[in-house]
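Notes for the one structure printed next.
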Amino acid sequence: MKEPEMAIPPLFRCPISLDLFKDPVTLCTGQTYDRSSIEKWLSSGNSTCPVTMQKLHDSSIVPNHTLRHLIHQWLQLNCRNGYDLHYFQAIDDSIVGLKHNLQSKESTLDTKVQALEKVLALSEDLPLENSFLIQLDFFQMILELALENSVDQSSNFQESLIFMEKALVCALKLLPFSDLGTLNMLKEDESKFTNFLMLFKNGTFIIKKSLCHLIVAISSSLQSKELVTMLGKSKILIQELVHVIENKLDGCEESIRALSALSSLEQNREFIVKENAVEALITYIVNAPKCQYRSLLAPILAMKTIETLLVEKNAKEDVLNHPNGVSAIVKMVFRVSSDNEGSESAVNSLIIVCHDFMQAREEAIYSGVLSQLLLLLQSQCSERTKNKARMLLKLLRSMCTGDQKQAL
């Protein structure tokens, strides 16, 4: 009697030959084909993607190792246990069903929230399920769903916020496995960019934290430089970040990371300073906990961000005009001695403001910078940090009393 043929999951079939993939490769459009099939298509003079019919701006093909591994695993399991074949098919069918529920205009918000909860459960399960979710572009789809509608005080406002919270949490779970270039949808679609900003302004703290993580991801991608500039010069976004940091609201640490990421682009710094970012960061440092190493991580990043922004003249003046500006930085010199970069940022920031302002030098000495620097020089910090400390001591020496000079 003839053995029944294996039911090949649709994701394991080449869209051109409809046969099981032997050597899966991916085009710039994100679609995967068997190498021999797509090479034949391209060699025939075609310059589009067979599935999407998009014009190929790059004809290179990239091996899809994840899919190859899945197919290999499936074949092995099928050989050992015939029923495992149905397991793969069940996963495929389940995920396709979830995608339909999320995209269908007939689905209620409650149905979509339930679908997102199932997606979240799958994303936290085995890498196998993650791969199916990535193959079906769940990251892009979920992000588009979260950003397709504006946030307003409508009758289902609360339900919409719950949906958006779940959607963004799901998107962040899939983010490490996804193409960061997808985030450029914000740049390419003005309504999505506007909705992103309104979501940050009117959303819950969970939504704001999630959006901060997306901002950090966008800032880390070379594909999104133009989008980083758009975000860094958005008055609504920067003001909201500053507000959360200055008032130490829930999500302030995530906001510091987002502000720091946006400040990494030189074109953004003048605007960020103009929106009172330096004052907010100083206020955060002043009110930061004085113990527990973990709680120092955010003040350290705040200090590094201040250092980055001090290339702007107005930022130096903001430090000087803040009632605790110089003294807050002085306290960070040795407070973070276990972290070389944090100490170095504090010392370097003082060098910058003290070089330009006599008042800053006076305030630094009054705040005890000399003893802080001497403690730093006796610590286990890096030689580079110690050299910075010596530079600052030399700069301040002209302001010292006779006894202080002798001590130095």
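Hey, could you check segment 166-197 for residues that are of a type in the set (Ser, Thr, Tyr) and assigned to a helix (DSSP H, G or I) and say which is nearest to Val216 (Cα to Cα)?
Our first condition is that a residue be of a type in the set (Ser, Thr, Tyr); within segment 166-197, this holds for 178, 182, 191, 194.
Going one step further and asking which of them are assigned to a helix (DSSP H, G or I), we end up with 182, 191, 194.
Details: Thr182: 14, Ser191: 21, Thr194: 18 Å.
The residue in question is Thr182.
Would a scan of segment 328-337 turn up a residue that is open to solvent by less than 40 Å² (accessible area, probe 1.4 Å) and farther than 23 Å from Ser264 by Cα?
Yes, because at least one residue in segment 328-337 is open to solvent by less than 40 Å² (accessible area, probe 1.4 Å) and farther than 23 Å from Ser264 by Cα.
From Asn195, Asn184, Asn268, grab the single residue that is over 30 Å from Thr29 (Cβ atoms), touching a Ser or Thr at 6+ places or on another chain (Cβ under 9 Å) and either modelled with pLDDT under 95 or open to solvent by less than 80 Å² (accessible area, probe 1.4 Å) (or both).
Asn268
Would you call Val353 more than 18 Å from Val273 (Cα to Cα), at pLDDT 95 or above and part of a helix (DSSP H, G or I)?
The answer is no for Val353.
Would a scan of segment 198-219 turn up a residue that is open to solvent by less than 50 Å² (accessible area, probe 1.4 Å), of a type outside the set (Lys, Arg), at pLDDT 95 or above and not in a helix (DSSP H, G or I)?
The answer is no; no qualifying residue exists.
Against the definition (more than 14 Å from the chain's Cα centre (by Cα) and modelled with pLDDT of 95 or more), how does Ala288 come out, yes or no?
So Ala288 does not fit the description; no.
Find all pairs meeting these conditions: Cβ atoms under 6 angstrom apart; at least six residues apart or on different chains; first residue within segment 20-45 and in a strand (DSSP E or B); second residue aromatic (Phe, Trp, Tyr).
Leu20/Phe12; Asp34/Phe21
From the residues in segment 33-68 that are touching a strand residue (DSSP E or B) at 6+ places or on another chain (Cβ under 9 Å) and among the charged types (D, E, K, R), which one is nearest to Leu20 (Cα to Cα)?
For segment 33-68, the residue satisfying everything is Asp34.
On the basis of being modelled with pLDDT of 85 or more, within 24 Å of Met141 (Cβ to Cβ), touching a Phe, Trp or Tyr at 6+ places or on another chain (Cβ under 6 Å) and β-branched (Val, Ile, Thr), does Val62 make the cut?
Taking the combined requirement at face value, the residue does not satisfy it.
Does at least one position in segment 113-120 carry a residue that is in contact with a Ser or Thr (Cβ under 7 Å, 6 or more places away or on another chain) and modelled with pLDDT of 80 or more?
The answer is no; no qualifying residue exists.
Would you confirm, using the coordinates I've provided, whether Ser367 is in the same structural domain as Leu393 (by the TED database), closer than 22 Å to Ser398 by Cα, touching a Ser or Thr at 6+ places or on another chain (Cβ under 6 Å) and open to solvent by less than 60 Å² (accessible area, probe 1.4 Å)?
yes
Take the residues in segment 308-323 that are closer than 11 Å to Lys274 by Cα and of a type in the set (Asp, Glu); name whichever of them is surrounded by the most Cβ atoms within 10 Å (Cβ to Cβ).
Asp318
Out of Glu148, Glu106, Glu129, Glu190, which single residue is modelled with pLDDT of 90 or more, surrounded by fewer than 20 Cβ atoms within 10 Å (Cβ to Cβ) and farther than 28 Å from Cys252 by Cβ?
Glu190
The values are calculated or read from the model by the stated rules, or taken from the named source; none is laboratory data. Owing to the predicted nature of the structure, the values given are computational and were not obtained by experimental measurement. Neighbour counts are summed over all protein chains in view; Cβ atoms, including those assigned to glycine, are modelled from backbone coordinates with ideal geometry. Calculation scope for accessible area: heavy atoms of the full protein, side chains included, ligands and nucleic acids excluded. Shrake-Rupley method; radii C 1.70, N 1.55, O 1.52, S 1.80 Å.
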